[in-house]
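Down below is the structure, laid out as structure tokens.
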Amino acid sequence: MTMIAPKESGSTPSPVLIYEKVRKLYGEFVALDEVSLRVDAGEVVCLIGPSGSGKSTLLRCTNALEPISGGTIYFDGRALPSVDRDIRKVRQRMGMVFQNFELFPHKSALDNVAIGPMTVLGMPKTQARERARALLAKVNLADKVDSFPSNLSGGQQQRVAIARALAMEPEVMLFDEPTSALDPETIGEVLNVMKALAEEGMTMIVVTHEMAFARRVADRVAVFEHGTILEHGSPEQIFENPETARTRDFLSHLGWDG
Amino acid sequence: MEFDFSPVVDSWRYLLDGVGISLMLSVWTMLGSLALGAAVGLGRVYGSAWLRVPLVFYIDTMRSIPVLVVLVWIYFAMPLLTGLNLSPFWSAAVALSLHIAAYVAEIIRAGIQSVREGQTRAGLALGMSTAQVVRVIVLPQALVRMLPAFGSIVSVTIKDTAIASVIAVPELLRRSETLAGQSFRPIEVFTAAMLIYFLLLVPATRLIDLLYRRVAHLGRS
Ligand SMILES: Nc1ncnc2c1ncn2[C@@H]1O[C@H](COP(=O)(O)OP(=O)(O)OP(=O)(O)O)[C@@H](O)[C@H]1O
Ligand SMILES: [Mg+2]
């Protein structure tokens, strides 16, 4: 048994995730090239960067959906395990939200949210549904509990997906372009839910092209290119005073004029 | 030309019993082919590489040999080779099951593989084991998607039971042949047989179609 020192409250922030020279290869192709990053408890870190730069890959490596090829990822002070059983334990403590929602089409909104606690934690159905109901209310979908995904708008589906991830009571939430597949008019409702979550103190890593969201909500922004972090810093720093020309190019490409 | 349906009417009981045997044979064949097909299909998707080789061989074999040939082989050749003797009914049930299971296996494989990868990732991300993902997320969706194909399997099975007549299983077609021969009324008797098959199958296929339309959205991710 390892004893874990109680987390200090207040002054020194405790790291939830530490990436140390993380490499990821797909065959010969280098998707992540010695990425180092630290995410503290309660922090919101936004990952931005051009398509194919490795942002999704980093998220998938974070909860071990993809094995890394080199370096180390520490979660709560420990390197990610390699044994299947232990990997599952880690995944239970991280919530993930996908670009395409990936709701389960054969389950109602309520059961989409309840299925995690029921299947993974063995929680009784009534209790899991109770939790699911509360979470759906929290994402403003109290009136949609019985709807099936096929009858929900994209924004509603993504909010169910967020509730589904929250049902496992994760310590960190990973968002992979949560609004990229949405109609413009429903983007706001999803971002609002995410913002509220950030304000509650949830630790979040958010891959996004929503620069206004990153600017307002992120504590830190990391700019990816070709599998490396080009630069990272506070939103002010990145958006007002980018160090590299590449970052400036990327931001102006997205219509961001500082 | 004059038609006389009285042989059909007089022997309705005899024909009806034949229908009963056709249906019994269909039910056993469906049970056998579903069990075997599910095992083969799941083995092909989730089994190890060495398991897949014989399974693919089995599927290819069954899809390239006419079911009638499988049937006469099991009934006439197998007893000589192995000493294993099956009644005509069970020979037919085994032959049809072996044949149809190959198609069931392919339907199951295609159904599972049509559920997109992201669904599995979503399940794993919640902390589910691979087995839980398969059972709770992939299979239910795959089953919905397989429904139309299973509808065809049901009708193919019922229709294919007619080949059992060649080894004298007293099912509908065999009894129709007997009755046609005795009454010298082949037109009327075989027309009646055709009509009976039609009346059995149309509602069955319609029903499955209707069911599918009601549940299709459950498989659409
Ligand atoms: N399974 C895979 N096999 C091979 N190459 C892959 C695989 N997954 C990703 N890649 C490659 O790795 C690179 C990084 O992909 P990744 O999905 O992380 O990019 P991204 O930054 O998320 O881009 P986007 O904004 O388009 O989502 C891409 O060039 C991609 O083609
Ligand atoms: Mg991506």
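The values are calculated or read from the model by the stated rules, or taken from the named source; none is laboratory data. Quick caveat: nothing in here was measured; it's all calculated off a predicted structure. Methodologically, a virtual Cβ is constructed for each residue, glycine included, from the backbone with ideal geometry; neighbour enumeration extends over all protein chains shown.
When you scan segment A:204-216, do you find a residue that is in contact (Cβ under 8 Å) with a residue 24 or more places away in the chain, crowded, with 18+ Cβ neighbours inside 10 Å and more than 28 Å from residue A:162 (Cβ to Cβ), even just one? No, that holds for no residue.
In the condition set (1) away from ligand 1 (no atom under 16 Å from the Cβ); (2) more than 9 Å from chain B (Cβ to nearest Cβ); (3) outside any loop (DSSP other than H, G, I, E, B), residue A:115 is compliant with all but (2). Of the residues A:98, A:175, the single one that is within 11 Å of chain B (Cβ to nearest Cβ) and within 16 Å of ligand 1 (Cβ to nearest atom) is A:98. In this structure, is residue B:143 more than 28 Å from residue A:60 (Cα to Cα), touching a residue at least 24 places away in the same chain (Cβ under 8 Å) and within 14 Å of another protein chain (Cβ to nearest Cβ)? Answer is yes for this residue. Checked against (1) buried (at least 21 other Cβ atoms within 10 Å of the Cβ); (2) part of a helix (DSSP H, G or I); (3) at the interface with chain A (Cβ under 10 Å from one of its Cβ atoms), residue B:105 passes all but a single condition, namely (3).
Considering every residue within segment A:128-137, establish whether at least one is within 14 Å of chain B (Cβ to nearest Cβ) and touching a residue at least 60 places away in the same chain (Cβ under 8 Å). No, segment A:128-137 contains no residue that is within 14 Å of chain B (Cβ to nearest Cβ) and touching a residue at least 60 places away in the same chain (Cβ under 8 Å). Residue pairs whose Cβ atoms lie under 6 Å apart, separated by 6 or more positions or on different chains, with the first residue in segment A:27-54 and in contact (Cβ under 8 Å) with a residue 12 or more places away in the chain and the second part of a loop (DSSP other than H, G, I, E, B) and within 16 Å of ligand 2 (Cβ to nearest atom), are A:30/A:227; A:31/A:54; A:31/A:227; A:32/A:54; A:32/A:227; A:33/A:227; A:46/A:208; A:54/A:227. What do you reckon, is residue A:85 free of Cβ contacts under 8 Å to residues at least 24 places away in the same chain, of a type in the set (D, E, K, R) and within 12 Å of chain B (Cβ to nearest Cβ)? Answer is yes for this residue. Can you find even one residue in segment B:69-78 that is more than 18 Å from the chain's Cα centre (by Cα) and at positive phi? Checked segment B:69-78: no residue is more than 18 Å from the chain's Cα centre (by Cα) and at positive phi.
Every condition in (1) surrounded by fewer than 21 Cβ atoms within 10 Å (Cβ to Cβ); (2) within 12 Å of another protein chain (Cβ to nearest Cβ); (3) more than 27 Å from residue B:215 (Cα to Cα); (4) not basic (Lys, Arg) is met by residue A:166 except one, and the failing one is (1). A count restricted to segment A:33-48 and to residues that are surrounded by 23 or more Cβ atoms within 10 Å (Cβ to Cβ) and within 15 Å of ligand 1 (Cβ to nearest atom) stands at 4. Within segment A:43-59, the residues that satisfy the criterion of being within 9 Å of ligand 2 (Cβ to nearest atom) and either within 14 Å of chain B (Cβ to nearest Cβ) or of a type outside the set (Ser, Thr, Tyr) (or both) are A:52, A:54, A:55, A:56, A:57, A:59. Any idea which of B:134, B:67, B:94, B:56 is over 19 Å from residue B:168 (Cβ atoms) and either more than 14 Å from chain A (Cβ to nearest Cβ) or acidic (Asp, Glu) (or both)? That would be B:56, the only listed residue that is over 19 Å from residue B:168 (Cβ atoms) and either more than 14 Å from chain A (Cβ to nearest Cβ) or acidic (Asp, Glu) (or both). Residue A:180 falls short on exactly one of the conditions (1) over 27 Å from residue A:121 (Cβ atoms); (2) within 16 Å of ligand 2 (Cβ to nearest atom); (3) buried (at least 16 other Cβ atoms within 10 Å of the Cβ), and that condition is (3). When the residues of segment B:146-179 are filtered to those that are touching a residue at least 60 places away in the same chain (Cβ under 8 Å) and among the small types (Gly, Ala, Ser), the one that is nearest to the other protein chains (Cβ to nearest Cβ) is B:151.
If the requirement is being within 16 Å of ligand 1 (Cβ to nearest atom), of a type in the set (A, V, I, L, M, F, W, C), buried (at least 21 other Cβ atoms within 10 Å of the Cβ) and modelled with pLDDT of 95 or more, which of these qualifies: A:25, A:59? Among A:25, A:59, only A:59 is within 16 Å of ligand 1 (Cβ to nearest atom), of a type in the set (A, V, I, L, M, F, W, C), buried (at least 21 other Cβ atoms within 10 Å of the Cβ) and modelled with pLDDT of 95 or more. Candidates are the residues of segment B:181-221 that are small (Gly, Ala, Ser) and within 18 Å of residue B:152 (Cβ to Cβ); the one that is nearest to the other protein chains (Cβ to nearest Cβ) is B:219.
Per the conditions (1) within 16 Å of ligand 1 (Cβ to nearest atom); (2) buried (at least 24 other Cβ atoms within 10 Å of the Cβ), the sole criterion not satisfied by residue A:159 is (1). Restricted to helices (runs of 4 or more DSSP H) entirely inside segment B:124-221, those with at least 2 residues that are more than 25 Å from residue B:111 (Cβ to Cβ) and at pLDDT 95 or above are B:172-183, B:186-215. If the condition is being outside any helix (DSSP H, G or I) and under 19 Å from residue B:170 (Cα atoms), then segment B:73-102 contributes B:85, B:86, B:87.
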